[in-house]
Amino acid sequence: MKSVVKQETLGLNGDEAVAYAAKQSDVDVVAAYPITPQTIIVEKFSEYVANGQVNTEFICTESEHSAMTACLAASATGARTFTASASAGLALMHEMLFVTSGCRAPVVMAIANRALSAPLNIHGDHSDAMAERDSGWVQIYAENVQEVYDSIFQAFRIGEHLDVQLPVMVGLDGFTLSHSLENVQVLADDVVKKFVGIRQLPTVLTHEGKTVPYKLDPKNPMTMGPVAFPNYYFEFKRQQEEAMRNALKIIPQVHDEYAEISGRSYGDGLLDAYKLEDAEITIVCIGSTAGTVKTVTDDLRTEGVKAGLLRIRTFRPFPREGIIKALAQAKAVAVMDKSMSFGGNGGAVFHEVRHALYDAKTHPYVVNYVYGLGGRDTSPSQIRGIYEDLQKILQTKHVDELVRYVGLRE
Amino acid sequence: MRRKNKLTVVEGNMISEGKFTAKDIAEKPELFLSGHRACAGCAAPTVLRLIMKATRGPTIVTNATGCMEVSATIYPYTSWAIPWLHTAFETAGANASGIESALKILRKKGRIEDKQVDVIAFAGDGGTYDIGIQALSGAVERGHDFLYVLYDNEAYMNTGIQRSGGTPLGASTTTSQAGSVVPGKLENKKPIADIMVAHEMPYVATASPFYWKDLIVKARKGIEVNGPAFLHVFAPCPRGWRSDPSKSIELSRLAVETCIFPLWEAVNGEYQLSIPSKVIALAPQKKKPVKDYLQVQGRFRHLFTPKYEKILDEIQRITDERWNKLLKKCGMTQPKNA
């Protein structure tokens, strides 16, 4: 690409890449609690603390609920804050995720995506993060360890952007990415420092008519997290939606700026298309599965099949218009969901994609494949099977089942 | 990085009791302002106002969800003249942890002025005895430097008088109702302040708004001590206790005089009776029967009927038992004729 900066190659797994990125981001406060498969993140960060490699207050809380709360409170005090979690830990944070976005605290959190109990399962799927899709957090899902590393810096820039001021979660598939070793190109500390900068605070108008930074500051007393009755609450929520709309513009900007420096890009930061230009049959998915889909797409292309992939990198805010544009030429679309929306007629990604296409000029067939729950492996041959189903749908012009399950014993 | 969990109170650094004269207090600017919407006779705003008179400099306050949060910060109004944060019900301890840690690192990095900013957390009995005890315990174990104030009105008053772990035996609440077969709450109040002492934290004390100077001095000690401090303050609630709104401060005196709510402090785990309770320990004839305290509250009305009057004896017995235990901890023993 352009004049990218010199970079070092390190062997890192996904969790280590997160910890390394957090270390480089000059985070002021990290409050966290361990949970598989996120543990390496907190362990590695603890190592940085023990060796004086970070200038960070590290709070090992007694629960994820308190970890999120401490991050929120520290963020409200003006600090850059970071945490990481997964599965039950994220579920325990549920209440505080809404309070954090509602308080407009740009906390950044890595999620080593994992299944939810019961039955207990420590392996990867998207049940945890998908259950929090309406919590007011920006959601980015990475395809590989390199993207995990790159996304953490972008997350700070997006969340802390004065037009956004929202918390951001970066998803990395449990074990598939969290525990897989990859060669990762890492930026020099000073390059990262320049990119992420020091946290800027938005200004707000106080009751005394003064314009002051939005933080807990004895010089400019402010009441944060008050009660808002029906006469005010609604406006607060509308403003959060406005911030999400702004994020839709800011995410590609931050992504492009980072691409200039690093030489790495992921579509436009919202959607990452692969061989989509003339694709007739398309798979839409999230996370590391895109890697497997790419391999199969390549195989099919050599066989003359017009297969393509659309990876949704940013799920919140949902890039509706981008989806419509990207799937304009598609004739049949298989949307893959690594989580359930029980009783909802398909998974969350399916709902959103199909909903977006209602406003499209052309209407492809759109079917849903639920796959990989509890870490069940999804093989290239199964992905090929999905493409073949799409071909069959195009031939027969008929959809047997709207929602199908991949590799499941019925 | 590591905080010392066991920290000594340096007597010389403590503000002397004499400095808090009525004049000093009257002259100090109000930090908890009027205009809030607490009920008539509610003791909690008095407690908050008195405690804010004990501050020594820049202070950030955090509040658990509860009466004082919903009545004093109704957007776009606020009673707080200092920075204040509310996040949720069970989070006062975690809020304080986050604020204190942020202040510490931002000072270290030179991003804020290098000046001490104190942190005070307020929570009610629901937010402390029950839903917030985990966050509180964790924050204390980690040794964050903050003062935690429990204003105890002995039930979930904000949601309509439901029983909490701080509700006393025999009290009728909307979820421990006195009926034809149940005499109000069947369990006794959890000894929360003793639980906090068991954390081996530097400073724990109990206080009552009737003894306002004792309350302010204890709050100041809690602020000045390095590390976590816990202050358990009695806060009568006329709505929930079915008591005369003009008698809340009197009730907070009676609770001490009957030894239902004795006043003490534990500095580094060493228990010591505070003067109002010490007076009773030294002159046991001054100890009033619990009936004097219970009979002026509607929540205990059913105990004054033949069906449930044995509960009165039980309350007296438990009160005596706890009082005697406390005397032992303070190195005092009750004379036999008590």
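FYI, it's all coordinate maths here, none of it is from the lab. What you are looking at is a predicted structure, and each value in this text was computed from that prediction instead of being measured. Cβ sites come from the backbone with ideal geometry, for glycine too, and all protein chains shown count toward neighbours.
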Exercise for review: Kindly provide the pair-distance distribution of the stretch A:296-408 built from C-alpha pairs, with 10 Å bins from 0 and whole-percent values in order of increasing distance.
Suggested key: 13, 45, 37, 5
Revision key, fill the gap. In degrees rounded to 10, the 0-90 angle between helix A:233-262 Cα long axis and the longest Cα principal axis of chain A is 80 degrees
Exercise for review: For the stretch A:226-333, just run the numbers: alpha carbon Rg, then divide by 2.2 N^0.38 Å, N being how many residues it has.
Suggested key: 1.37
**Study point:** Quotient of Cα Rg and 2.2 N^0.38 Å for the stretch B:212-338, N being how many residues it contains
**Key:** 1.15
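Among A:D272, A:D278, B:D125, what is the fewest-to-most ranking by other Cβ atoms within 10 Å?
A:D278, A:D272, B:D125
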Point to revise | lysines whose Cα lies under 19 Å from that of A:K306, excluding same-chain neighbours fewer than 8 positions away | key: A:K275, A:K294, A:K325, A:K331, A:K392, A:K397
**Study point:** Estimated [θ] at 222 nm from DSSP helical runs (n ≥ 4, -39500 (n - 2.57)) normalised by residues in chain A, nearest 500
**Key:** -12500 deg cm²/dmol
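For the stretch B:38-329, what is the percent of antiparallel DSSP beta bridges, rounded to the nearest 5?
Values: 10 of 33 bridges.
Approximately 30 percent, going by the DSSP bridge assignments.
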Review point. Semi-axes, largest first, in whole Å: what does sqrt of 5 times each Cα gyration tensor eigenvalue give for the stretch B:38-329?
Key: 33, 21, 16
**Study point:** Cα-based equivalent ellipsoid of the protein assembly as shown: semi-axis lengths in Å, sorted from largest, via gyration tensor
**Key:** 56, 28, 22
Practice item. Could you give the C-alpha radius of gyration of the stretch A:133-237 expressed as a fraction of 2.2 N^0.38 Å, taking N as the number of residues it contains? Key: 1.43
Review point. For A:M130, A:M340, what's the fewest-to-most ordering of other Cβ within 10 Å of each Cβ?
Key: A:M340, A:M130
Exercise for review: Give the percent of DSSP beta bridges with both residues in the protein assembly as shown that are antiparallel, rounded to the nearest 5.
Suggested key: 30 percent
Revision key, fill the gap. For B:K109, the lysines lying under 27 Å Cα to Cα, once residues fewer than eight places off in the same chain are dropped, come out as A:K23, A:K44, A:K193, A:K194, A:K210, A:K215, A:K219, B:K4, B:K6
Review point. Cα centroid distance between the stretch B:57-72 and the stretch A:87-128, in Å?
Key: 28 Å
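Calculated FRET efficiency, A:T206 and B:R111, Cβ-Cβ r, R0 22 Å, to nearest 0.05?
Approximately 0.60, to the nearest 0.05.
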**Study point:** For chain A, built as a Gaussian network whose Cα springs stay under 10 Å, the top-fluctuating residue of A:K193, A:K210, A:K294
**Key:** A:K210
Practice item. Past 28 Å, Cα to Cα, is the threshold; run B:K218/B:K325; B:K28/B:K189; B:K189/B:K307; B:K19/B:K115 against it and keep the listed order. Key: B:K28/B:K189
Check your understanding: Can you pull the Kirkwood radius for the stretch B:222-285, inverse mean 1/r over Cα pairs, to one decimal in Å?
Key -> 13.6 Å
Revision key, fill the gap. In Å, the C-alpha Rg and Dmax of the stretch B:66-130 are 13.7, 39
**Study point:** Taking the C-alpha atoms of the stretch A:1-123, convex hull volume expressed per residue in Å³
**Key:** 140 Å³
Practice item. Mind jotting down the distance between the C-alpha centroids of the stretch A:1-75 and the stretch B:237-269, whole Å? Key: 47 Å
Check your understanding: How far is helix A:145-160 tilted off the main Cα axis of chain A, in degrees rounded to 10, range 0 to 90?
Key -> 50 degrees
Point to revise | Folded to 0 to 90 degrees: helix A:87-102 orientation relative to chain A principal axis, Cα | key: 60 degrees
Check your understanding: Between the stretch B:139-214 and the stretch A:346-362, what's the alpha-carbon centroid distance in Å?
Key -> 52 Å
Review point. Over all Cα pairs of chain A, how is the pair count split among 10 Å bins, expressed in % and running from 0 up to the last occupied bin?
Key: 5, 23, 32, 25, 12, 3, 0, 0
Point to revise | Theoretical gain in end-to-end length, B:L282 to B:V181 [0.36 nm per residue, Cα-Cα removed] | key: 32.3 nm
Review point. In 10 Å bins starting at 0, how do the alpha-carbon pair distances of the stretch A:165-303 split up by percent?
Key: 8, 23, 29, 21, 13, 5, 1, 0
Point to revise | Candidates A:N220, A:N13, A:N368: whichever shows maximal mean-square fluctuation once chain A is modelled as a Gaussian network with Cα springs under 10 Å | key: A:N220
Point to revise | Rh by Kirkwood over Cα pairs, then Stokes-Einstein D for the stretch A:18-70 at 0.692 mPa s and 37 °C, µm²/s | key: 296 µm²/s
